[in-house]
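The values are calculated or read from the model by the stated rules, or taken from the named source; none is laboratory data. Note that the coordinates shown come from a computational prediction; the quantities given were computed from them, not determined experimentally. No Cβ is skipped: glycine too gets one built from the backbone with ideal geometry, and neighbour counts run over all protein chains shown.
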Amino acid sequence: MTHALTASQKRQVAAITAAAITLYIGFRFLPTGTNLSHMDFAVKGGNSIEFCDPSNPQFIPVVAVRSPVVMTVESTSPPVAGRVVSARIRLVTSTGKTLGPEDMVVAHTAKLHLLIVDPSLADYHHVHPQPTGSPGEWAFSFTPKGGGTYRIFSDFTPLATGRGLYAHVDLEVAGAVLERPSVSPVLPAVVSDKDGWSFELTSKDRAIKAGAVAELSLAVSRADGRDITLDTVMDAFAHLVAFDAERGGFAHLHPNETDISKPLTGSRPTLSFKVTIPRAGRYVIWAQFSTQGRERFVPFWIDVT
């Protein structure tokens, strides 16, 4: 049995509906702190960089495609190998608007990540620039081990889009270019240090194939067999960053083990990752993690078949 709404009830429903619509529209126009919109990150024509989908980690060909953000770099003094380089970058959208801290989302504890790698791929730095107060300008420093053309990739998430975006710029460093390590790019790969720590990278299918999802595992152990506790670094137990030999782009990977509320401890703590690399060739995967308060960077050389 149904009952028709009275005139009073109809007025109440209409009033509630109108209030809900007003609230919805009002929230849409609340200030967000940024004067940028999705259109400021649009690139006309094809061959433009795609926004990143964190659930499907991919190798991003940053150099070969057009980014809606242009990044420039300027150092306070001529960069020299072995010395601290203090520099500033500036980020500007395709519409001429600058990108400051109010325009970005915090992702993995920072609003802006710089991935810096030398020509040999043997020297890698991950730094977090800080805003200088000038529009679109961010300051950072690092100490290059060698010379040559260092490539700087930026990794950030605009508030206007909520999706990861990238840009790149080169910085010339005076000094001899480091030699590329002569290693066998075969998985499983094991890297050991003078302190008796071992780091092993393996693939579920042993070989990594172009265009296919690769399931990787990273394990850490000590020669004395003692337990190891992996600290968190940037809200994860580890980060992997893969570069191709030409430094045309990168893949920034986070472990599938996302619950960092409990420490990861054991004689051989192991993390799992997934990535899709589109082209065959030589790559280096830099692992970044922290143990006993010490941050470590470990390179693994691989061939994608």
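Look at Val191 and say whether it is at pLDDT below 95 and in contact with a Phe, Trp or Tyr (Cβ under 7 Å, 6 or more places away or on another chain).
yes
Does Leu114 satisfy being closer than 15 Å to Tyr166 by Cα, touching a strand residue (DSSP E or B) at 6+ places or on another chain (Cβ under 7 Å) and of a type outside the set (Ser, Thr, Tyr)?
yes
Scanning for something touching a residue at least 60 places away in the same chain (Cβ under 8 Å), of a type outside the set (Val, Ile, Thr), under 17 Å from Ala242 (Cα atoms) and buried (at least 18 other Cβ atoms within 10 Å of the Cβ), does segment 126-143 turn up at least one residue?
Yes, segment 126-143 contains a residue that is touching a residue at least 60 places away in the same chain (Cβ under 8 Å), of a type outside the set (Val, Ile, Thr), under 17 Å from Ala242 (Cα atoms) and buried (at least 18 other Cβ atoms within 10 Å of the Cβ).
Can you tell me which of Arg206, Arg268, Arg180, Arg279 is in contact (Cβ under 8 Å) with a residue 12 or more places away in the chain, assigned to a loop (DSSP other than H, G, I, E, B) and under 22 Å from the mean Cα position of the chain (by Cα)?
From the options Arg206, Arg268, Arg180, Arg279, the qualifying one is Arg279.
Please specify each residue of segment 219-246 satisfying the condition of being under 15 Å from the mean Cα position of the chain (by Cα), assigned to a loop (DSSP other than H, G, I, E, B) and in contact (Cβ under 8 Å) with a residue 60 or more places away in the chain.
Val233, Met234, Asp235, Ala236, listed by residue number.
Determine whether Leu201 is aliphatic (A, V, I, L, M), in a loop (DSSP other than H, G, I, E, B) and crowded, with 16+ Cβ neighbours inside 10 Å.
Criteria not met by Leu201.
State all residues of segment 142-175 that are out of contact with any strand residue (DSSP E or B) (no Cβ under 8 Å at 6 or more places or on another chain) and farther than 30 Å from Asn35 by Cβ; if no residue qualifies, say none.
Across segment 142-175, the qualifying residue is only Lys145.
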